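A.B. asks: Dropping the structure in here first, questions after.
The values are calculated or read from the model by the stated rules, or taken from the named source; none is laboratory data. Just so you know, these numbers come straight off a predicted model, no measurement behind them. Heads up, the Cβs are rebuilt from the backbone with ideal geometry, glycines too, and the neighbour counts pull from every protein chain shown.
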Amino acid sequence: MFLPPNSTPLLQPLDQGIAKCVKAAYVRLTFARIRDAIDANPQMSVMESWKNFTIADAIALIAEAVQTVKPETLNACWRPLWRNVVNDFKGFPSIEEEVANIRSIAMAINAEGFFDIAETDLRKHLDHSQQVLSNEELEELTRSSTDSDGDELDGSEDTQPPTWTLKKFADIFQQAQILKDKILEYDPSMERGLVVTRGITEALAPLQYLFDEEKKRQKQLPITMFLNSASPPLEQPATSSGVDNPSTSGKTAM
């Protein structure tokens, strides 16, 4: 079949939003991994977490991102090329929900270059060439990160509920991350390993929510809680109230 020049992108199913959806899911999963690593070890910086990211990690996240594409999304993207096989067309896939999720996770990371990221910048990045996020692009996002990400947790245990503390949360997430890494390392089936590790992440979602809320609460504590009670004012010497003090000059008033 002959196709006119420059018409392939208009017909190719993957150019109708599939690649963009996978890329958005990959970015979300990558940011979530950085967030989980920092939650598990509050002393770790974003750059340190990124340096621990391996090719095997990238392959696992790509596989998980591909699995997030819904069958109806795949079906809809065949509409320009093979309209008869498309059932109940509701439009081409959108990344708006993923963009909102990415920004939410970036704000939870709370590092320079993340907490102030704008949705417009994310859309522009995801639209650009529709290529998988490169190492250079992620490095640019994390280049300005600081090593003080865990400072906000210092001295916070005094205000924690009796059953949970930020330290206990961090210990739980650290052990969970170790478990997930071991499963992916030992299981010969990557697909099964991803299913199990995803189940662990979903099971910990209630604790993740409590942890995020507690961090927000710590940031919103009134500044007066960190100020010492004001010292009482020094007593001022008594002043005359219409009564003359005795004269010490030895002279009699005229």
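A.B. asks: Among the residues of the stretch 153-165, is there at least one that is assigned to a helix (DSSP H, G or I), at pLDDT below 70 and under 17 Å from the mean Cα position of the chain (by Cα)? Give the derivation first.
C.D. replies: Of the stretch 153-165, the ones assigned to a helix (DSSP H, G or I) are 153, 157-159.
From what's left, at pLDDT below 70: 153, 157-159.
Filter again for under 17 Å from the mean Cα position of the chain (by Cα), leaving 153.
Yes, the stretch 153-165 contains a residue that is assigned to a helix (DSSP H, G or I), at pLDDT below 70 and under 17 Å from the mean Cα position of the chain (by Cα).
A.B. asks: Among the residues of the stretch 105-123, is any more than 30 Å from Q175 (Cα to Cα), modelled with pLDDT under 75 and either surrounded by 16 or more Cβ atoms within 10 Å (Cβ to Cβ) or touching a Leu at 6+ places or on another chain (Cβ under 9 Å) (or both)?
C.D. replies: Looking for residues that are more than 30 Å from Q175 (Cα to Cα), modelled with pLDDT under 75 and either surrounded by 16 or more Cβ atoms within 10 Å (Cβ to Cβ) or touching a Leu at 6+ places or on another chain (Cβ under 9 Å) (or both), one finds none in the stretch 105-123, hence no.
A.B. asks: I would also like to ask the following. Looking only at the stretch 66-95, filter to residues that are in contact with a Lys or Arg (Cβ under 8 Å, 6 or more places away or on another chain) and closer than 30 Å to A37 by Cβ; which one of those is modelled with the lowest pLDDT?
C.D. replies: The qualifying residue modelled with the lowest pLDDT is P93.
A.B. asks: Could you check, for the stretch 93-109, whether at least one of its residues is farther than 29 Å from D212 by Cα, over 14 Å from the mean Cα position of the chain (by Cα) and outside any helix (DSSP H, G or I)?
C.D. replies: Going through the stretch 93-109, the residues farther than 29 Å from D212 by Cα turn out to be 93.
If we keep only those that are over 14 Å from the mean Cα position of the chain (by Cα) as well, we get 93.
From what is left, the residues that are outside any helix (DSSP H, G or I) are 93.
Looking through the stretch 93-109, at least one residue is farther than 29 Å from D212 by Cα, over 14 Å from the mean Cα position of the chain (by Cα) and outside any helix (DSSP H, G or I).
A.B. asks: Of the conditions (1) surrounded by 10 or more Cβ atoms within 10 Å (Cβ to Cβ); (2) at pLDDT below 80, T252 clears all except one; give me its number.
C.D. replies: Of (1) surrounded by 10 or more Cβ atoms within 10 Å (Cβ to Cβ); (2) at pLDDT below 80, only one is false for T252: (1).
A.B. asks: Residues that are aromatic (F, W, Y) and at pLDDT 85 or above: does the stretch 1-14 have at least one? Explain how you work it out, then say what you get.
C.D. replies: Going through the stretch 1-14, the residues aromatic (F, W, Y) turn out to be 2.
Keeping just the survivors that are at pLDDT 85 or above gives none.
So far as the stretch 1-14 goes, no, none of its residues is aromatic (F, W, Y) and at pLDDT 85 or above.
A.B. asks: Only residues that are without any contact (Cβ under 8 Å) to a residue 40 or more places away in the chain and either within 22 Å of M190 (Cβ to Cβ) or under 14 Å from the mean Cα position of the chain (by Cα) (or both): list them for the stretch 14-58, please.
C.D. replies: L29, R33, S49, N52, F53, T54, I55, D57, A58
A.B. asks: OK, next. Just the residues that are of a type outside the set (F, W, Y) and either over 22 Å from E97 (Cα atoms) or over 35 Å from the mean Cα position of the chain (by Cα) (or both), please, taken from the stretch 70-86.
C.D. replies: Of the stretch 70-86, the ones of a type outside the set (F, W, Y) are 70-77, 79-81, 83-86.
Residues satisfying the conditions are R79, P80, L81, R83, N84, V85, V86.
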